[in-house]
Amino acid sequence: IRASATKMSALLGGLLQISRLGRATLQLQVLDMNALCDKVLQSAAFQLQKSAAAVRQEALPTCVGDPILIGQVFSNLVDNAVKYRDAQRPLELRLSGSSQAGESIYCVEDTGIGIAPQHQKVVWELFHRLDPSGTVPGEGLGLALVLRIVIRHRGRAWVESTPGKGSRFYVALPNQFPDQQVFDQNPNYRHIVP
């Protein structure tokens with residue numbers, strides 16, 4: 001009963017977080033993604049150490065976003081890399097990024113179990129789990145939350161994966177503030193000048 005209640009509580013908490021995401025005001029600012037990802041990796045240090053993961057973070061370009069929500073995006077991606085590691089080989093995790101016209105594209109790459117082609121589009125849906133048997137903890141909300149946060153920032157997210165080799169999760173976010181018209185039309189954006 002306790003285990004079921006704990007699971008239900010986590011599920012309700014995740015659903016509440018997703019529902020609030022659509023109404024919360026974004027605190028937009030220029031983000032130092034190197035510092036933000038350093039914090040994400042420090043928070044995940046115990047799990048990364050326990051799984052003997054080799055982590056490499058390359059120089060990351062800045063973007064414009066809400067620091068708490070963008071931190072959540074990368075926390076979820078790193079957490080998934082640890083959860084879905086391949087027990088037959090060491091986990092390697094690489095964070096990289098590049099800047100293009102109007103956006104910064106980040107990649108979280110792992111050497112995990114990978115995702116079959118038929119699952120690569122549906123992993124972003126609510127409650128979709130790669131391991132429905134329940135041996136990997138979670139409620140199937142992590143990637144759904146990632147996608148909603150990224151879309152809320154007017155960005156994009158996608159995955160490239162090969163079963164048995166690993167996955168590359170991409171997140172593209174604006175690297176400039178939206179124009180004034182976007183702010184005027186949407187009261188849920190708040191521009192913070194550094």
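Answer yes if at least one residue in the range 95-115 is among the acidic types (Asp, Glu) and outside any strand (DSSP E or B), and no otherwise.
no
I need the full set of residues from the range 92-137 which are closer than 19 Å to Ala52 by Cα and either modelled with pLDDT of 95 or more or of a type in the set (Val, Ile, Thr) (or both), in order please.
Across the range 92-137, the qualifying residues are Glu92, Leu93, Arg94, Leu95, Val108, Glu109, Asp110, Thr111, Ile113, Val136.
So is Arg148 open to solvent by 40 Å² or more (accessible area, probe 1.4 Å), modelled with pLDDT of 85 or more and in contact with a Leu (Cβ under 8 Å, 6 or more places away or on another chain) or not?
In short, yes.
Does the range 67-83 include one or more residues that are among the small types (Gly, Ala, Ser), in a strand (DSSP E or B) and crowded, with 16+ Cβ neighbours inside 10 Å?
No, the range 67-83 contains no residue that is among the small types (Gly, Ala, Ser), in a strand (DSSP E or B) and crowded, with 16+ Cβ neighbours inside 10 Å.
Just to verify a result, which residue in the range 84-94, among those that are open to solvent by 10 Å² or more (accessible area, probe 1.4 Å) and in a strand (DSSP E or B), is nearest to Lys165 (Cα to Cα)? Even if it seems obvious, please write down each step before you answer.
If we filter the range 84-94 for residues that are open to solvent by 10 Å² or more (accessible area, probe 1.4 Å), which is where we start, we get 84-90, 92, 94.
Cutting the leftovers down to in a strand (DSSP E or B) gives us 92, 94.
Details: Glu92: 11, Arg94: 14 Å.
This residue is Glu92.
Is there any pair linking a residue in the range 22-44 that is within 16 Å of Gly97 (Cα to Cα) to one that is open to solvent by 50 Å² or more (accessible area, probe 1.4 Å) and modelled with pLDDT under 95, with Cβ under 6 Å and at least six apart or on different chains, and which?
From the range 22-44, the pairs are Val30/Pro194.
Return the total of residues in the range 49-76 being in contact (Cβ under 8 Å) with a residue 40 or more places away in the chain and among the acidic types (Asp, Glu).
Number of matching residues: 1.
The values are calculated or read from the model by the stated rules, or taken from the named source; none is laboratory data. Since the model is a prediction, treat every value here as computed from it, not as a measurement. Counting neighbours? That spans all protein chains shown, and the Cβs are built from the backbone with ideal geometry, glycine included. The protein model used for the area step is the full one, side chains on, heavy atoms only, and it has no ligands, DNA or RNA in it. Shrake-Rupley method; radii C 1.70, N 1.55, O 1.52, S 1.80 Å.
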